[in-house]
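The values are calculated or read from the model by the stated rules, or taken from the named source; none is laboratory data. Given the structure is predicted, the values throughout are model-derived calculations rather than measurements. We place every Cβ from the backbone using ideal geometry, glycine too, and count neighbours over all the protein chains shown. Just so you know, the surface numbers come from the protein's heavy atoms only, side chains and all, with ligands and any DNA or RNA stripped out. Shrake-Rupley method; radii C 1.70, N 1.55, O 1.52, S 1.80 Å.
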Amino acid sequence: MKALGSLPNTVPAENILESIGENILIADTSYNVVWMNPSAANLLSHIVPLFGLEKVENILGLNMSFFHITPSRQENIMSSLTSTHRARIHIKDTFVADIIITPVRSDNEIHAYIVMLMDVTTTAEEEWRKERLIKALSVPIMQIWDSAIAIPLFGDFDLDRGELLLNRVLQYTVEHRIKYVLVDVSGLTEWNNETGSYIKKLGDTVRIIGAECYIAGISPEAAISFSQFDFNYPTFASIQTGLLKVLENENKSLG
């Protein structure tokens, strides 16, 4: 689809590119960097020392393959580029960025390439993001009714995960005024004293803040492990039975 309307004569194309908040570079048909907007220049001023360059202006005239670990791969990508190319790149094991390369065409001929560097962050920050995501996924919270949540647990259970479970569930329960917390333990692969201790600690603490804790998915192995703990809240063999009990109590409170 062609662009609609026309650009005002008083607004040069360069000014448009400079006003865009992203980091933008332009390369010629030989893949040499020939222009960058102020945002890109500011960003790259922190990166060029990693490549042995004294100042950001030294990038101008350099071939894009200069910044690639395997220049031949970069050249193959550029020579076969017919549409927008997107990739996640690592810069000298220090920065991580999303790169978007788009050929600028006119009359079916490529005249230049627009390169955008987006979501640039340090490698340490990237690892921190991944760690947070993994932790969040390790303790999923599902809101099943306005006042009830379900916590399906999977895999192994250790000290770090136990503390994370306790903190996340308590915070969510208080913030959303939850009355019923249904913990599904059927997906846990190992049962030991530590597992039972944290499940009990969760149930006891949830009760202290005014909510009820139900444990569902109790296997025979789990029942043996749990028998040494003084659970004073309902446990169920299946998640379905636990959900029915939560629904029953919820209907009683509404009635």
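A few notes on this one:
- 10 Å Cβ shell holding at most 12 others, DSSP loop, GluC sites (Glu not before Pro): longest site-free stretch of the chain: 55-189
- Relative intensity, log₁₀ I(q)/I(0), of region 1-49 from a Debye sum that treats every alpha carbon as a point, q = 0.16, 0.27 Å⁻¹: -0.60, -1.04
- A simple spin-label model places the labels of Thr94 and Ser106 3.8 nm from each other, with each point 7 Å out along Cα-to-Cβ.
- If you take the Cα centroid of region 48-88 and the Cα centroid of region 149-206, the two points sit 48 Å apart.
- The modelled label-to-label distance for the pair Leu60/Ser219, using points 7 Å beyond Cα in the direction of Cβ, is 6.7 nm.
- Ser19-Glu163 pseudo-label distance in nm [points 7 Å out on the Cα-to-Cβ vector]: 5.1 nm
- Size descriptor, Kirkwood hydrodynamic radius, that averages inverse alpha-carbon separations across the chain, Å: 23.1 Å
- In terms of overall dimensions, the C-alpha atoms belonging to region 1-98 reach 43, 30, 23 Å along their principal axes, ordered largest to smallest.
- Accessible carbon and sulfur surface of region 1-129 relative to its total accessible area, %, 1.4 Å: 54 percent
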